[in-house]
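In what follows, a structure is listed as structure tokens, so that the remarks can point back to it.
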Amino acid sequence: MVNINEFYCKGCYLCAHNCPKQIIAPSSKRNGKGYVVPFVTSPEECSNCKTCELICPEMAIVVEEGVN
Ligand code: SF4
Ligand code: SF4
């Protein structure tokens, strides 16, 4: 399961651009700083590779193993 902490997100979309499954996309929500925050479009397709967690410069993403 991919947990995105919207509070820390700065809307850079490095997570989306680097997800090998291409399952991270802009949501319809903005956080308190005005950034459009991402969401996982197809959680069942996530491979738990943690690329998004590792690449997020704000450490806003935590991938939980084994739970989609
Ligand atoms: S990489 Fe992090 S800061 Fe950038 S859009 Fe994704 S969650 Fe937000
Ligand atoms: S863990 Fe990997 S497959 Fe899942 S959303 Fe993040 S980058 Fe994409």
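The values are calculated or read from the model by the stated rules, or taken from the named source; none is laboratory data. Just so it is clear, the structure is predicted and the values come from calculations on it, not from any experiment. As a convention, Cβ positions derive from the backbone with ideal geometry for all residues, glycine included, and neighbour counts pool all protein chains shown.
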- Look at GLY32 and say whether it is away from ligand 1 (no atom under 12 Å from the Cβ) and either of a type in the set (Gly, Ala, Ser) or in contact with a His (Cβ under 8 Å, 6 or more places away or on another chain) (or both). yes
- If LYS21 passes every condition in (1) more than 10 Å from the chain's Cα centre (by Cα); (2) exposed (fewer than 14 other Cβ atoms within 10 Å of the Cβ); (3) within 14 Å of ligand 2 (Cβ to nearest atom) but one, which one does it miss? (2)
- Provide a single number: the residues in segment 34-68 that are surrounded by fewer than 17 Cβ atoms within 10 Å (Cβ to Cβ), small (Gly, Ala, Ser) and farther than 10 Å from LYS21 by Cβ. 2
- Considering only segment 24-68, state which residues are in contact with a Lys or Arg (Cβ under 7 Å, 6 or more places away or on another chain), among the hydrophobic types (A, V, I, L, M, F, W, C) and more than 8 Å from ligand 2 (Cβ to nearest atom). VAL36, VAL37
- Message: Pairs needed: first member in segment 2-22, over 17 Å from CYS46 (Cα atoms) and among the basic types (Lys, Arg); second member anywhere, assigned to a loop (DSSP other than H, G, I, E, B) and at pLDDT 95 or above; C-beta distance under 6 Å; at least 6 residues apart or different chains.
- Response: LYS10/TYR35; LYS10/GLU58
